[in-house]
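One structure is given below, encoded as C-alpha cells.
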C-alpha cells in the first residue's frame, strides 16, 4: 500500500467514525507538527525530533513536519518559548530528555516539566560503564573493588558537567555497589566524543556513557562494556550484564527522550498526539529509524509519563542532595 493510499484510507475511516458520533481524536487528524528542538543540529534532541518526524510523515500518520532549533540556557530558552506561545501553537511539540529534570533541580532554568503538557516519552537509551579494551579491568567487580580500595586512583569520566547526568549515573552505580558516591573521582568533558577520547587515551580509567554509543564502540573493539543500567539484559548485547546483576544492586536508569506541548493544551489534542505516537510504533518506517539509531522503544503516554517524571525527579534529587549538588 502506498503512503497516499494509506492516508486516504485512514482519512476515510476517520470520517466514518465522525459520522457515527465518534468523539476521540484520530491520529490521522494531525495535519502537521512543528518540532521545537532545545539544542543545535546534530545532537541527540535534534536526531530524535527529526527521526520521529521522518517516521510519522513517511508512514502517513502526520501530514507534514517542520523543525526549529532553539539553543540557549541549557534548554531553558526553548522551554520559556513554548510557555510563551501557549494557546496559539497547539501544533508544536518540544523534544526533551532526562536533563530537563536534572537542570530544573539545579535551577539552570526556573521551569520544570510541570509547567508544560507532558505528551509521551517515546524512546530511551540506558547508561553503561565502559573501559578501554586494553584496560586490566575485565568486569565491573574489578572496577568496584579498585574504587573501594582507593577511589582517588579511579578516574571515571563523562560527557557532562559535574553533577550532570553521567556523573549522577556513576554515583548511583557505585552507591548501589556499596561504595561512597561522594568519593567518585569524576572527570567532566564538554561532549561525549571528547570523553571517549579521554578514555581511549588513558586520561581516565572508565567512562559513564550512553549504552547505544557504547555498543557501537564495542563492536569496533574499542571499549569493553562492564554493565548496563537496564533491569534485564538487552537483545543487542546479551553478553553484557546489568549493573544490578554485576553487583550494583537495584540499579535502574534510562535517559528517556520524549515530547512536551505548551501548557493548556486540550485533552483532545494531547490524546491525538499520543495516538499518533502509538500508531507510529507499528510502522516499518519507524522501525527503520529506530534501528538506524539504536534506540529502545519506551512508551509512557500522558499521565504515565507524568508519574515517571515525578519518580525520576525524586530519585535524582535524593542522590544529587547526597552528592552535595543540591
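The values are calculated or read from the model by the stated rules, or taken from the named source; none is laboratory data. This is a predicted model, so every value here is computed, not measured. Note that each Cβ is placed from the backbone with ideal geometry, even for glycine, and that neighbours are counted across all protein chains shown.
For the structure I just gave you, tell me whether residue 83 is assigned to a helix (DSSP H, G or I), farther than 14 Å from residue 34 by Cα and in contact (Cβ under 8 Å) with a residue 60 or more places away in the chain. Lay out the reasoning, then the answer.
Values: assigned to a helix (DSSP H, G or I): yes; farther than 14 Å from residue 34 by Cα: yes; in contact (Cβ under 8 Å) with a residue 60 or more places away in the chain: yes.
So residue 83 fits the description; yes.
If the requirement is being surrounded by fewer than 17 Cβ atoms within 10 Å (Cβ to Cβ) and either modelled with pLDDT under 95 or in the same structural domain as residue 264 (by TED's automatic domain parsing) (or both), which of these qualifies: 89, 146? So that I can check it myself, show each step before the final result.
Details: 146 fails: either modelled with pLDDT under 95 or in the same structural domain as residue 264 (by TED's automatic domain parsing) (or both).
After applying the criteria, what remains is 89.
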Matching residues, the stretch 246-281, being assigned to a loop (DSSP other than H, G, I, E, B), within 19 Å of the chain's Cα centre (by Cα) and under 29 Å from residue 130 (Cβ atoms): 251, 252, 253
Output for the stretch 175-202, where each listed residue is touching a helix residue (DSSP H, G or I) at 6+ places or on another chain (Cβ under 6 Å) and closer than 27 Å to residue 96 by Cβ: 175, 181, 184, 186, 189
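Quick one: which of 116, 82 is in the same structural domain as residue 42 (by TED's automatic domain parsing), closer than 17 Å to residue 49 by Cα, buried (at least 17 other Cβ atoms within 10 Å of the Cβ) and out of contact with any helix residue (DSSP H, G or I) (no Cβ under 6 Å at 6 or more places or on another chain)? It would help to see each step written out before you state the result.
Details: 116 fails: closer than 17 Å to residue 49 by Cα.
Checking each option against the conditions leaves just 82.
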Scope the stretch 37-75; condition assigned to a helix (DSSP H, G or I), under 23 Å from residue 192 (Cβ atoms) and under 17 Å from the mean Cα position of the chain (by Cα); matching residues: 44, 45, 46, 47, 48, 49, 50, 51, 52, 74, 75
Failed condition for residue 61, given (1) touching a residue at least 24 places away in the same chain (Cβ under 8 Å); (2) closer than 26 Å to residue 212 by Cα: (2)
Some residue of the stretch 146-163 being within 19 Å of the chain's Cα centre (by Cα) and on the phi > 0 side of the Ramachandran plot: yes
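Residue-by-condition table, conditions (1) under 21 Å from residue 106 (Cβ atoms); (2) touching a strand residue (DSSP E or B) at 6+ places or on another chain (Cβ under 7 Å); (3) modelled with pLDDT of 90 or more; (4) in the same structural domain as residue 239 (by TED's automatic domain parsing):
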position: 162; (1), (2), (3), (4): yes, yes, no, yes
position: 171; (1), (2), (3), (4): yes, no, yes, yes
position: 175; (1), (2), (3), (4): yes, no, yes, yes
position: 181; (1), (2), (3), (4): yes, no, yes, yes
position: 191; (1), (2), (3), (4): yes, no, no, yes
position: 214; (1), (2), (3), (4): no, yes, no, yes
Test result for residue 168, in a loop (DSSP other than H, G, I, E, B) and more than 19 Å from residue 241 (Cβ to Cβ): no
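Please verify whether residue 291 is surrounded by fewer than 21 Cβ atoms within 10 Å (Cβ to Cβ), in a helix (DSSP H, G or I) and within 20 Å of the chain's Cα centre (by Cα), treating the condition exactly as stated. Give the derivation first.
Numbers: surrounded by fewer than 21 Cβ atoms within 10 Å (Cβ to Cβ): yes; in a helix (DSSP H, G or I): yes; within 20 Å of the chain's Cα centre (by Cα): yes.
Answer is yes for this residue.
Might you let me know whether the stretch 218-240 holds any residue that is under 22 Å from residue 54 (Cβ atoms), at pLDDT below 95 and not in a strand (DSSP E or B)? Talk me through it step by step, then tell me what you get.
Here is the first cut: in the stretch 218-240, the residues under 22 Å from residue 54 (Cβ atoms) are 236.
Retained after the next criterion (residues that are at pLDDT below 95): 236.
Okay, now just the ones that are also not in a strand (DSSP E or B), so 236.
For the stretch 218-240, residues under 22 Å from residue 54 (Cβ atoms), at pLDDT below 95 and not in a strand (DSSP E or B): present.
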So residue 134, is it surrounded by fewer than 16 Cβ atoms within 10 Å (Cβ to Cβ) and outside any helix (DSSP H, G or I): yes
